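Here you go, one structure.
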Amino acid sequence: MKVLEMNHIKKSFGSTEVLKDISFSVERGEVVSIIGPSGSGKSTLLRCATFLETMDDGSMSYLGHSLVTSKNGKAVYADKKEIKEALTYFGLVFQNFNLFPHFTVMKNITDAPIRIQKRNKDEVYAQARELLAQMGLSDKENAYPGQLSGGQQQRVSIARALAIKPNILFFDEPTSALDPELTLEILKVIKNLAAEKMTMVIVTHEMSFAHDVSNRMIFMDQGVIVEDTTPDALFHSDNERTKAFLGKYY
Ligand code: ADP
Ligand code: MG
């Protein structure tokens, strides 16, 4: 079962073509890491996958539901109601946490499930407390984001993403704003999710982590997928661009 399928995605900003015919898919339970130099289009790809950005052309489906189709070289989006439903298929964790500063930890986690998914309040609160326990943050439910460390804030944003019971979780450089020590604590959380067979797409510069946690790795450069293969194959690639990029890390 494909959770996400994207085909022939194109996206330009003005005259700059940022995504040039990108195709890939993610199977249920798979962990796919996306690596590549700054400016290669990784964030734009995740933003197109999560409707934060509209693609110019291409098609996209979640769980076999077609949400974007390509017609005459243009992306045609499904109607608003279908897109709104699809927003509960996935969670997104950003580099800079993106928590609501004026909401407590508890409200950050429970707001979308209660207000958007219209789920039972008691059930949502119980689930939120379980997630906080899992993240080692049981004593923080009434804290505000500003009172937490970066690592704690990122664990709250992972709990918030999980609270909507997503079919797939996207991470955009989840540790880039963190010290090495806090980075390790977040990578451990993501490894635990992988062990639980959470479907994930992770944009990261943490190469050894990506190698260990991923079923597949995608190397992007200048708006194209250069390689989409196993971690071992990528790290032993003969491709000059891949080798040049990985060479910067070793
Ligand atoms: P990455 O995440 O791989 O660093 P991005 O997807 O953020 O790359 O950016 C790819 C290119 O698109 C960059 O050249 C960037 O400047 C450009 N870009 C991204 N977002 C916008 C935007 N909203 N408007 C104009 N250009 C953008
Ligand atoms: Mg980026």
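If you scan segment 231-250, which residues turn out to be outside any helix (DSSP H, G or I) and open to solvent by 20 Å² or more (accessible area, probe 1.4 Å)?
HIS236, ASP238, ASN239, LYS248, TYR249, TYR250
Can you tell me how many residues within segment 140-156 are in a loop (DSSP other than H, G, I, E, B) and open to solvent by less than 20 Å² (accessible area, probe 1.4 Å)?
So the count comes out to 2.
Which ones in segment 157-186 are surrounded by fewer than 20 Cβ atoms within 10 Å (Cβ to Cβ), in contact with a Phe, Trp or Tyr (Cβ under 7 Å, 6 or more places away or on another chain) and farther than 22 Å from LYS107 by Cβ?
ASN167
Next up: Please work out which residue is farthest from THR175 (Cα to Cα), limiting yourself to segment 79-105 and to residues that are away from ligand 1 (no atom under 16 Å from the Cβ) and in contact with a helix residue (DSSP H, G or I) (Cβ under 8 Å, 6 or more places away or on another chain).
PHE103
Which residues, counting only those in segment 210-230, are more than 16 Å from ligand 2 (Cβ to nearest atom) and open to solvent by less than 10 Å² (accessible area, probe 1.4 Å)?
Listed by number, the list holds a single entry, MET217.
Working only within segment 108-139, note down all residues that are farther than 21 Å from VAL189 by Cβ, basic (Lys, Arg) and either open to solvent by 50 Å² or more (accessible area, probe 1.4 Å) or touching a residue at least 40 places away in the same chain (Cβ under 8 Å) (or both).
ARG115, LYS118, LYS121, listed by residue number.
The values are calculated or read from the model by the stated rules, or taken from the named source; none is laboratory data. A quick note: this is a predicted structure, and the numbers were derived from the prediction, not measured. Note that each Cβ is placed from the backbone with ideal geometry, even for glycine, and that neighbours are counted across all protein chains shown. Remember, those area values only see protein heavy atoms, side chains included, never the ligands or the DNA or RNA. Shrake-Rupley method; radii C 1.70, N 1.55, O 1.52, S 1.80 Å.
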